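Shown next, in structure tokens, is the structure this report addresses.
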Amino acid sequence: PYRDEQAEKVPQVGLTHGLAWTSVGGVILDIEAVAVPGKGKVALTGQLGDVMKESAQAGIAFLRKHSDEYGIKDSFHETTDLHVHVLEGATPKDGPSAGIAMATAVVSALTGRSVRGDIAMTGEITLRGRVLPIGGVKEKLLAAHQAGIKTVIIPESNEANLEDVPAAILADLEVLPVKDFRQVLDVMLVAEDAEGVSAGFVPAPDDAAGIGPQPAV
């Protein structure tokens, strides 16, 4: 049911590549977000399950709290309607692992800044912006590689799962482990004065948020 083709790699506003794990393997999830003048309504479409919708809401709540860090108007939740759509609308989807991909698409839509299209990502986001571990790392990296993606963002807590990924695949991928959503945006947002250049990856401090590993989902 999911499309099987090369991912769109040109930087665009409001488009990110998430990664999902299904019974038949990993897949790329294209996630779109648009922001239009309105009254703060949020539409989440694409046959999303409750957990996936809650993950999107958690990301939006984080952005409300930290809007000033990203040049987002602090009143956006009152003056802007958001629509987040996960493509392949006929296919049911659920789980929290697209959280950082959905939140990144929303940041892009609200700021008008392009995000990199040559990177795929997977990770649950919390209200504090923590990036929590997910399942299906091997399958997701295989799907990214098949789609022509060369860089993948994963939760730092999932680094041990890289042992399950074939060496030939890892040799052809750059894997960026992150603890915090701010690291994701450091990589994903295209610099405003450059085309296709991001701010760069910055490792999180060892004591970020001061919490230990979380259970994978």
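Things worth noting here:
- Computed E for K39/K65 - FRET, C-beta separation, R0 22 angstrom, nearest 0.05: 0.65
- Amide H contacts under 5 Å for G26, placed H, 5+ residues apart: A143
- Amide H to amide H distances under 5 Å link V190 with S114, V115, R116, where only residues 5 or more positions off or on other chains count and H is placed in the peptide plane.
- For the range 143-156, backbone phi angles converted through the Karplus equation (6.51, -1.76, 1.60; θ = phi - 60°) give residue-by-residue couplings of 5, 4, 4, 5, 7, x, 6, 10, 9, 10, 9, 10, x, 4 Hz, Gly and Pro being listed as x.
- Long-range amide H partners of I153 with built H, under 5 Å: A120, M121, T122, L176
- Mean separation of Cα contacts under 8 Å, 6 or more apart, over the residue count of the range 15-191: relative contact order %: 27 percent
- Model label sites at A171 and E54, defined 7 Å from Cα along the beta-carbon direction, differ in position by 4.3 nm.
- Relative contact order (percent, whole number), the range 1-85, Cα cutoff 8 Å, 6+ residue spacing: 36 percent
- Note on R128 and R182: the model spin-label points, each 7 Å out from Cα along the C-beta direction, lie 1.4 nm apart.
- In plain terms, the residue of D118, D180 with the fewest other Cβ atoms within 10 Å comes first and the most crowded comes last, giving D118, D180.
- Modelled label reach - A191, point 7 Å along Cα→Cβ, the range 50-85 residues with backbone N closer than 14 Å: none
Just so you know, all these numbers are worked out from the coordinates, no wet-lab data involved. Note that the coordinates shown come from a computational prediction; the quantities given were computed from them, not determined experimentally. No Cβ is skipped: glycine too gets one built from the backbone with ideal geometry, and neighbour counts run over all protein chains shown.
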